[in-house]
Amino acid sequence: MSWWRTEEDTQPWKGRYAPFDLVKELCIAVGVITLLAILLTVLLSSPDDKSSTIAQWSHELPADFATAAAKELDETSPTAEYGPPYNHSSGSVQHFLLLHPQRWLGVSHPINTADDYVIKPLQTVPNDPALQSAVAEYKAAPEKQKKEWSEAYAKPLEEYSEALEEKKTPPSTVSVDQSTGTVTVKASGAGPVPTMMASLQSLAQSGGLEGGLVTSSQFFQTDYTKPLLFMADGGLLAERAETQHLLGRQWGLMNETGSFPGQPWLWLYALWYQVEPMKTSPNADIQVLLIMGLLSLAFICIPFIPVINRIPRWIPVYKLIWKEHYRESPPAA
């Protein structure tokens with residue numbers, strides 16, 4: 001007989017038996033859980049906000065859309081300079097000492113911002129000879145000329161954005177009609193770029209641009225990387241995130257939209273982004289992942305770490321939890 005079992009535990013049951021309807025109990029339990037789930041969903045669930053779209057962005061913030069599109073064409077946007085897995089740039093490559101996981105994994109989702117966000121979508125616009133002539137002229141030009149045209153168009157838009165941020169009078173070179181979402185840029189030396197950007201704005205407002213960016217060979221479309229990156233290069237998503245308290249400095253990892261609590265188990269990850277050197281480091285992501293990896297490994301190895309693995313014997317909290325067992329069972333020899 002084992003030391004943890006008494007003689008009474010080994011005797012057959014001689015008491016009264018009672019019928020038990022397992023199916024009935026299961027149905028009752030499932031019904032109660034379903035009702036609780038519906039009730040709690042109605043009372044405590046987070047709001048079902050509508051998704052942001054490129055069409056919405058180009059209507060509500062037409063100047064911001066035009067500025068982002070100009071940077072995509074000029075290949076100076078955050079996406080164009082991000083690096084793997086989108087391109088071979090070195091702008092945002094995360095590394096720590098000899099660890100360069102982004103470079104090791106390479107470009108798995110190639111994105112050429114000028115082609116994917118501007119030129120290819122414009123080539124799908126039918127019955128517009130002036131636009132197709134402008135696109136052909138741009139594509140045939142040397143890279144230096146393309147750069148000069150793009151910069152000449154983007155400069156007035158950047159000045160316009162800076163003036164709005166500093167609450168100054170916007171320059172007369174940019175005019176915005178908020179009712180129609182039309183942006184007019186008076187840029188000398190911009191070549192065919194103004195014609196291309198005006199058509200791109202119209203295509204975006206019609207919803208055609210976003211539709212073209214999510215086209216793939218899959219039956220079900222689940223890859224929204226391109227439109228999301230395009231919107232992230234502008235100010236729409238950042239403005240919405242700040243309104244709903246989802247920015248990093250607002251502990252956005254632990255919030256859902258608005259003031260609703262989110263994932264509390266992510267507090268340990270969010271914590272490290274608020275302290276130095278991760279707070280100001282361009283390699284914060286890989287640093288936080290390494291810290292959490294080491295902490296997780298240490299937690300797994302607790303039974304094998306000297307001194308620490310003896311703490312439960314010195315502070316026997318487990319005996320309080322299982323006090324009934326230890327009270328009824330004789331101690332081991």
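Would you tally the residues in the stretch 270-326 being hydroxyl-bearing (S, T, Y) and farther than 20 Å from S92 by Cα?
The number of residues fulfilling the criteria is 3.
Residues are listed down the side, and each one gets a yes or a no for (1) surrounded by 10 or more Cβ atoms within 10 Å (Cβ to Cβ); (2) at pLDDT below 90:
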site	(1), (2)
Y273	yes, yes
N283	yes, yes
L289	yes, no
M292	yes, no
P330	no, yes
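Results for (1) within 16 Å of M197 (Cβ to Cβ); (2) modelled with pLDDT under 90; (3) surrounded by 19 or more Cβ atoms within 10 Å (Cβ to Cβ), shown as yes or no for each residue.
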{"position": "S51", "(1), (2), (3)": "no, yes, no"}
{"position": "W57", "(1), (2), (3)": "yes, no, yes"}
{"position": "G83", "(1), (2), (3)": "no, yes, no"}
{"position": "N87", "(1), (2), (3)": "no, yes, yes"}
{"position": "G91", "(1), (2), (3)": "no, yes, no"}
{"position": "F96", "(1), (2), (3)": "no, yes, no"}
{"position": "L99", "(1), (2), (3)": "no, yes, no"}
{"position": "Q102", "(1), (2), (3)": "no, yes, yes"}
{"position": "L105", "(1), (2), (3)": "no, yes, no"}
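Looking at T67, is it of a type in the set (S, T, Y) and over 19 Å from the mean Cα position of the chain (by Cα)? Before the answer, list the steps.
Numbers: of a type in the set (S, T, Y): yes; over 19 Å from the mean Cα position of the chain (by Cα): yes.
Against the criterion (of a type in the set (S, T, Y) and over 19 Å from the mean Cα position of the chain (by Cα)), T67 qualifies.
Please give the helices (runs of 4 or more DSSP H) falling wholly within the stretch 22-88 in which 2 or more residues are among the small types (G, A, S) and over 30 Å from S179 (Cα atoms).
22-44
Looking at the stretch 279-333 only, could you name the residues that are free of Cβ contacts under 8 Å to residues at least 12 places away in the same chain and of a type in the set (V, I, T)?
T280, I300, I302, I305, V307, I308, I311, I315, V317, I321
Please give the helices (runs of 4 or more DSSP H) falling wholly within the stretch 115-226 in which 2 or more residues are more than 18 Å from P62 (Cβ to Cβ) and open to solvent by less than 30 Å² (accessible area, probe 1.4 Å).
Numbers: elements: 120-123, 129-140, 143-165, 193-205, 208-213.
Passing ranges, in order: 129-140, 143-165.
Tell me yes or no: at least one residue of the stretch 248-260 is at pLDDT below 85, in contact with a strand residue (DSSP E or B) (Cβ under 6 Å, 6 or more places away or on another chain) and open to solvent by 40 Å² or more (accessible area, probe 1.4 Å). First the steps, then the outcome.
Step one: filter the stretch 248-260 for residues at pLDDT below 85, giving 248-260.
Going one step further and asking which of them are in contact with a strand residue (DSSP E or B) (Cβ under 6 Å, 6 or more places away or on another chain), we end up with none.
No - not one qualifying residue is present in the stretch 248-260.
So which pairs qualify, if the first residue must be in the stretch 178-195 and in contact (Cβ under 8 Å) with a residue 60 or more places away in the chain, the second must be open to solvent by 70 Å² or more (accessible area, probe 1.4 Å), the Cβ gap must be under 6 Å, and the two must be at least 6 apart or on different chains?
Listed pairs, sorted by first residue: G181/H59.
List the pairs whose first member sits in the stretch 197-216 and is on the phi < 0 side of the Ramachandran plot and of a type outside the set (V, I, T), whose second member is open to solvent by less than 40 Å² (accessible area, probe 1.4 Å) and modelled with pLDDT under 85, and whose Cβ atoms are under 6 Å apart, counting only residues at least 6 apart or on separate chains?
Matching pairs, first to second residue: Q205/G181.
Does I33 count as among the aliphatic types (A, V, I, L, M) and touching a Pro at 6+ places or on another chain (Cβ under 9 Å)?
Numbers: among the aliphatic types (A, V, I, L, M): yes; touching a Pro at 6+ places or on another chain (Cβ under 9 Å): no.
Criteria not met by I33.
The values are calculated or read from the model by the stated rules, or taken from the named source; none is laboratory data. Since we're looking at a predicted model, the values are computed, not measured. Every residue, glycine as well, gets a Cβ built from its backbone with ideal geometry; the counts of neighbours run over all protein chains shown. Quick note on the areas: whole protein, heavy atoms, side chains included, nothing else; ligands and nucleic acids left out. Shrake-Rupley method; radii C 1.70, N 1.55, O 1.52, S 1.80 Å.
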